[in-house]
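The values are calculated or read from the model by the stated rules, or taken from the named source; none is laboratory data. Quick caveat, the model's predicted, so the values are computed rather than measured. For neighbour counting, all protein chains shown are included, and Cβ atoms are generated from backbone atoms with ideal geometry for every residue, glycine included. Surface areas here come from the heavy atoms of the whole protein model, side chains and all, with no ligands, DNA or RNA. Shrake-Rupley method; radii C 1.70, N 1.55, O 1.52, S 1.80 Å.
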Amino acid sequence: MTLNAMEPDTAPSGFRRRVVYIPGYDPFHPRRYRELYRSEGRTQAQISGYQIDLKPKSEKGPYGWRVDALIDGRACRSDFDVLVWSDIVKSSMDQGIFATYLQLVRTAAVYIGSGALFRLMRLRKGPMIAALYPIVFLLVQLGLAIVLAVGVFWGVVAATGQIPGADLLLYGRGALGALAGAAAGYGLLRLCKAFDHKIFAYYLMHDYAYSAQHRGAVPATLAVRMDQFRATIGQALTASYDEVLVVGHSSGAHLAVTILADLIRAGLPDQRPALGFLSLGQVVPMVSFLPRAQRLRADLHYLAARPELTWIDVTAPGDGCAFALCDPVSVTGVAPPDKRWPLVISAAFSQTLSPDRWRTLRWRFFRLHFQYLCAFDRPGDYDYFRITAGAQTLGARYGGRKPSASRIEIATSGYRDTGR
């Protein structure tokens, strides 16, 4: 259903929201999120019986769009911004085959050498399987390439042994065989990389390597971009909105933690919209458990006690790429005595998706990691489109809501210093 029948001036007189979306480690153009919102929002509106209409953004600024909605009889206009760092992601992924294998060794050394890998395994097996997945696949590819290279080597040596004068070619049969074998093995690795859009081994390896390259510290280029993001959110808090809602998905969640902590430390306007933070499918422990993640740990500690915002953390055990129901503050071991955030709740995919839909998606791990941004055919109290397009603040929507009983709060990280 759409708002084509709604008068143009109805939504502005209703609830107004600014949604600031921070993607995870994603190299794609932000229009991907716009089209996902358009298609999935239309589906959710049909299922839930409300009206939602997406329009182009009318003002300058970050890439975004506008949504007019009529939900539960109340009009709302939401302006969406996508805070883009896909160019940084693309640059970090611009690695050759051998450089990627060097990343594999360095990343494994960081997580194993620091002990973070073993502590993370105590929390959830799913994300650790996801972390091991690219390592296993890349090593299998390397093993097959070596087998092929050796086979071609001996094949060439055997074949050229029957050719008169072959010993003089390229300084001998061994050199010719080695050259042919190396070319065949490298060709197989190139072929595997060409099909990585199907298996995501290189993509995931670059993702984990990016977090591990500075052992949890924020890379300088990303730190500059995060300052720009903070300025964008700060400017939104001076405008006439009813709510500014920051949504951080996957790796974007821990970026949002630092951005919001810095923003609040700097001081918020006395008269401002309600500030909400929705973290979805977070992988915070992958960074906060590393030795040099003092800044992130300090920000988790600080943000967890702040009254200036509402922080809702949504994950689902069915998402094997997220640390489902792991309180990112508590498991990192930096919970303050007056901790109030985040409120950890489950999207409960096995319940909010029909049996047929769940069977279809259950083994599509990467698709499930984006389910938080999609329609549910049996929606519960988590509905991305009601949250981002409905006339109710995040704090009001979840006021009085109890956290998930199966959440994990045991302090597990071996590194808990905050550098302060």
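Among the residues of the range 32-61, the ones that are among the aliphatic types (A, V, I, L, M), under 16 Å from Arg378 (Cβ atoms) and either open to solvent by 30 Å² or more (accessible area, probe 1.4 Å) or not in a helix (DSSP H, G or I) (or both) come to 1 in all.
So, of the residues in the range 205-225 that are more than 17 Å from the chain's Cα centre (by Cα) and open to solvent by 30 Å² or more (accessible area, probe 1.4 Å), which turns out to be modelled with the lowest pLDDT? So, considering only residues that are more than 17 Å from the chain's Cα centre (by Cα) and open to solvent by 30 Å² or more (accessible area, probe 1.4 Å), the one modelled with the lowest pLDDT is Gln213. Annotation for the range 39-58: at least one member residue is within 20 Å of Phe370 (Cα to Cα), among the β-branched types (Val, Ile, Thr) and under 25 Å from the mean Cα position of the chain (by Cα).
Within the range 384-408, if we keep just the residues that are charged (D, E, K, R) and out of contact with any Cys (no Cβ under 8 Å at 6 or more places or on another chain), the residue that is surrounded by the most Cβ atoms within 10 Å (Cβ to Cβ) turns out to be Arg386.
Is there a residue in the range 266-288 that is part of a helix (DSSP H, G or I), open to solvent by less than 20 Å² (accessible area, probe 1.4 Å) and out of contact with any Ser or Thr (no Cβ under 8 Å at 6 or more places or on another chain)? No, every residue in the range 266-288 fails to be part of a helix (DSSP H, G or I), open to solvent by less than 20 Å² (accessible area, probe 1.4 Å) and out of contact with any Ser or Thr (no Cβ under 8 Å at 6 or more places or on another chain). In the range 133-162, the residue that is farthest from Met205 (Cα to Cα) out of those that are surrounded by fewer than 17 Cβ atoms within 10 Å (Cβ to Cβ) and in contact with a Leu (Cβ under 9 Å, 6 or more places away or on another chain) is Leu144. Counting the residues of the range 148-181 that are in a helix (DSSP H, G or I) and modelled with pLDDT of 55 or more gives 22.
The residues of the range 230-257 that are in contact (Cβ under 8 Å) with a residue 24 or more places away in the chain and either open to solvent by 30 Å² or more (accessible area, probe 1.4 Å) or assigned to a loop (DSSP other than H, G, I, E, B) (or both), listed by number, are Arg230, Leu237, Thr238, Ala239, Ser240, Tyr241, Asp242, Ser250. Note on the range 80-132: residues that are touching a Leu at 6+ places or on another chain (Cβ under 6 Å), hydroxyl-bearing (Ser, Thr, Tyr) and farther than 22 Å from Leu255 by Cβ total 0. Looking across the range 193-203 at every residue that is touching a helix residue (DSSP H, G or I) at 6+ places or on another chain (Cβ under 9 Å) and farther than 13 Å from Gln95 by Cβ, the one that is surrounded by the most Cβ atoms within 10 Å (Cβ to Cβ) is identified as Phe200.
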